[in-house]
Every structure is written in structure tokens, then in C-alpha cells.
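J.: Here it is: the structure, laid out below.
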Amino acid sequence: RTSLPLVINTWPFKSATAAAWDALQSSGLVLDAVEKGCARCEIEQCDGTVGFGGSPDETGETTLDALIMNGNTMEVGAVADLRRIKNAIGVARAVMERTEHTMLVGESASVFAENMGFVAEDLTTNKSLNVFTQWLKGNCQPNYRKNVNPDPLKSCGPYGPVAMQTQCNGVRHVNIHSHDTIGLIAIDKDGHMAAGTSTNGLTHKVPGRVGDSPIIGAGAYADSSAGAAAATGDGDIMMRFLPSYLAVELMRNGADPSVACKSAISRIKRHYSDFFGAIICANTTGHYGAACNKAPSLTEFHFMVQNSESDSPVLKS
Ligand code: SD4
């Protein structure tokens, strides 16, 4: 039994589900659904971890990562370390549709976006500035550098090599409060699939850091002949295992979506038993599944679903 069309997204970002569903109803295009759903979170700053004004890096700047993938044509557009442009998923789609490339990064991605008519503006807000200044006052703890020591007198950096690691350095502080991402899958009634992600990454990241979200097969993957998947969590760890690609390939080989999700998570757990992360996936008939790692900071993972059997987005866990 098929329950297509389907929209499914990470976390309880209900308005994103609704926006994607509405886009699917009006244009019938799964790419519109993914773009509009992710864009809704960019505008609403879902959880402070998507869009502007969240996750300031070590210099206080917010930078964005996004990805969109067409599961019919296997075209992809991605942006990473995007600066000063709020609509990262829109820029990702422009990379896909207005260039022969797959991914643009950093300052050059922003220049491309401006050329395409996206408005350049400061992504800093009072809130992100406050998070940043509190972090400085706390002498840069937590931070994501290893084998370095911030100079306590200078409060934050310059960082330099030290013989001994301080207790906190190198300890990962990723948790449900410090970051999450919208990952969204849309499938139309004919089984056409698209998937995408949008995030502002990780609070206090080293400038230039790119997470899993814009990496194809890590943050998301879609192949209309097999299935689609999207991931959220500790991107530095998760991207090493391409969990979205793995889940899709497992579904291609006949795995049920829930089993595919669990297997993708288990693969990561073999090496990082308490990593923080989750994945959603759906197959060609619109059956879906999700799995998370029961890390200390994530005991339950919530996601949203809307399909032909529901009048409005439904929260699942
Ligand atoms: C990242 N995966 O940049 C993103 C953030 C996230 O749940 O998904 N957090 O690592």
C-alpha cells in the first residue's frame, strides 16, 4: 500500500513540513517542496540552528551549509560556509540549476549568490552576538580545537600548539542544544524524489568548518529508483560514514526503511558509540523510517511526517 505523496523532515519543525506540503500541492514539484520547506526554517530560524543569527563561529560569524538533490536526474546543488546570504537552500538550488557545478563554498559562493540576485546582509543578531560574547567570557570553552591552548589573558586565542592538552580541549560538546539541522525528503505521487538540508552548523566552530549537511550522501541523498535519506547530528563524525548514501543503498537492496536507518546509525556506532545523530529515510512506495543514536544528549528523536493519510503534519518519534 502506498501513501504517496510524502513529506518527511528531521525534528519537530512543523511549519517546514506544512510549507513543503503546500509547495508540493501547488506546483507538484518535489524540488519546490524541499526548497520551500527548508527555506521556511531559514526564515523562522528553527531552533536557532537553521538560518541567520545562530551558531556563531569562533569569530562570532554565522555561516550556512545547504544541499538539494534531485532523485530523478541525480543533479545536486550545494553551498558550504556561505556568508551573508540568508536563503542558503535557494542558493544551493541556483548552483544546481544555474551552473554546471555541484558545490560552491565560502566567499565565492556568496558572490555567486549576489550575482543571482540574493540579498547580502549581516547574519548576526543580538542573540548570536550574545552567545558569542558569553563564550568569550568563558575563555573559549567549549571549543573544537585539539592540542592547542587559548591564551587565558587574551580571553580567546590566538590559538597555538601546546605540549599538553587541557582537559576540555578536544572534548566534543555537540548536543541537542548546540545544533541541529533541517533535513527534508519529498516524494510525489509518481515516486519522484528530492532531498535537502539547511543548517548553520555548529556553535563555536573553527571558521571554515563545513559539516555533513551539504555533503552529498552524508547530509542527504535521493535516488528515485531506490529511496531518499537525510541526516542530522554531529556532522564532523557522521560525514565520515556517508549515512544517507548507505541508507539509500540498503533500501535499494531491499531493506525496510527502518532497518536501513538503523544500519546506517549502527555503522557509525561501531567507531563512535556515543555520537549524537539521527537519520530519516523513505523508499519508493512512501514507507518511511527513522533511527537515532541514544547518546547522552539525545534519548528521543522527533521528526515530522505528512502523507496522503494525514490532513496535517504529524509528529513522530
Ligand atoms: C552539522 N549536522 O553541521 C550539522 C548540524 C546538525 O543536528 O545536524 N545538528 O554538523
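Rule-based calculations on the coordinates, nothing more; no lab input. Here the structure is a predicted model, which means the values were calculated and not measured. Ideal geometry is used to build each Cβ from the backbone, glycine not excepted, and the neighbour counts take in all protein chains shown.
J.: Tell me the angle of helix 88-98 to the major Cα principal axis of the chain, expressed in degrees between 0 and 90 and rounded to the nearest ten.
T.: 60 degrees
J.: Give the span of the chain's Cα atoms along each principal axis, as three whole-Å numbers ordered largest to smallest.
T.: 64, 45, 34
J.: Taking K and R as +1 and D and E as -1, what net charge do the other residues with C-beta under 13 Å from the C-beta of Ile215 add up to?
T.: -2
J.: May I ask for the angle, rounded to the nearest 10°, between helix 243-252 and the longest principal axis of the chain, with both axes built from Cα atoms and the value confined to 0 to 90°?
T.: Tilt relative to the chain: about 20 degrees.
J.: Per DSSP H run of at least 4 residues, take -39500 (n - 2.57); add these up for the chain, divide by its residues and hand me the 222 nm value, nearest 500 deg cm²/dmol.
T.: -8500 deg cm²/dmol
J.: Counting each pair of different Cα atoms once, what's the Kirkwood radius of segment 205-247 in Å, rounded to one decimal?
T.: Computed over Cα pairs of segment 205-247, the Kirkwood hydrodynamic radius comes out at 10.4 Å.
J.: What FRET efficiency comes out for the pair Lys146/Ser273, r = Cβ-Cβ distance, R0 = 35 Å, nearest 0.05?
T.: Plugging the Cβ-Cβ distance into 1/(1 + (r/R0)^6) gives 0.95.
J.: Which GluC sites (Glu not before Pro) does segment 216-317 hold that lie in a coil by DSSP with at most 11 other beta carbons within 10 Å?
T.: Glu300, Glu309
J.: Describe numerically, in nm with one decimal, the distance between label points set 7 Å from Cα along Cα→Cβ at Val206 and at Glu97.
T.: About 3.7 nm separates the two model spin labels.
J.: Now a separate question. I need the Debye-formula profile for segment 170-317: one equal scatterer per C-alpha, no solvent, reported as log10 I(q)/I(0) at q = 0.11, 0.16, 0.17, 0.19 1/Å, two decimals.
T.: Here log10 of I(q) over I(0) equals -0.37, -0.78, -0.88, -1.09.
J.: Given the C-alpha atoms of segment 94-145, compute the convex hull and give its volume per residue in Å³.
T.: In segment 94-145, the Cα convex hull volume per residue is 117 Å³.
J.: Expected output is a single nm value to one decimal: the length gained when fully extending between Glu75 and Ser258, i.e. 0.36 nm times separation in residues minus the C-alpha distance. What is it?
T.: 63.3 nm
J.: What is the distance, in nm, between label points placed 7 Å from the Cα along the Cα-to-Cβ direction at Ala120 and at Lys189?
T.: It is 4.6 nm.
J.: With only alpha-carbon atoms in the gyration tensor, what are the semi-axes of the equivalent ellipsoid for segment 54-135, in Å, largest first?
T.: Its equivalent ellipsoid spans semi-axes of 27, 13, 9 Å.
J.: Just want the ordering: Ile268, Ile216, Ile85, Ile8, from fewest to most Cβ atoms lying within 10 Å of their own Cβ.
T.: Ile216, Ile268, Ile85, Ile8
J.: Now a separate question. I need Cys140, Cys41, Cys281 ordered by Cβ neighbour count within 10 Å, fewest first.
T.: Cys140, Cys41, Cys281
J.: Alpha carbons only, please: Rg and Dmax for segment 1-145, in angstrom.
T.: 16.6, 57
J.: What order do you get for Ser225, Ser312, Ser110 when you list them from fewest to most C-beta neighbours inside 10 Å?
T.: By the 10 Å Cβ count, ascending, the order reads Ser312, Ser225, Ser110.
J.: If you don't mind, another one. Assuming 0.36 nm per residue, please report the length gained on full extension of the stretch Ser308 to Ser26 beyond their Cα-Cα distance.
T.: 100.0 nm
J.: Among DSSP bridges having both ends in segment 1-147, what percentage is antiparallel? Round to the nearest 5.
T.: Counting only bridges with both partners in segment 1-147, antiparallel ones make up about 65 percent.
J.: For the pair Leu129/Thr299, report the inter-label distance in nm, with labels modelled 7 Å from Cα in the Cβ direction.
T.: It is 3.8 nm.
J.: In degrees between 0 and 90, to the nearest 10, how far off the longest principal axis of the chain does helix 30-44 point, with axes built from Cα atoms?
T.: 40 degrees
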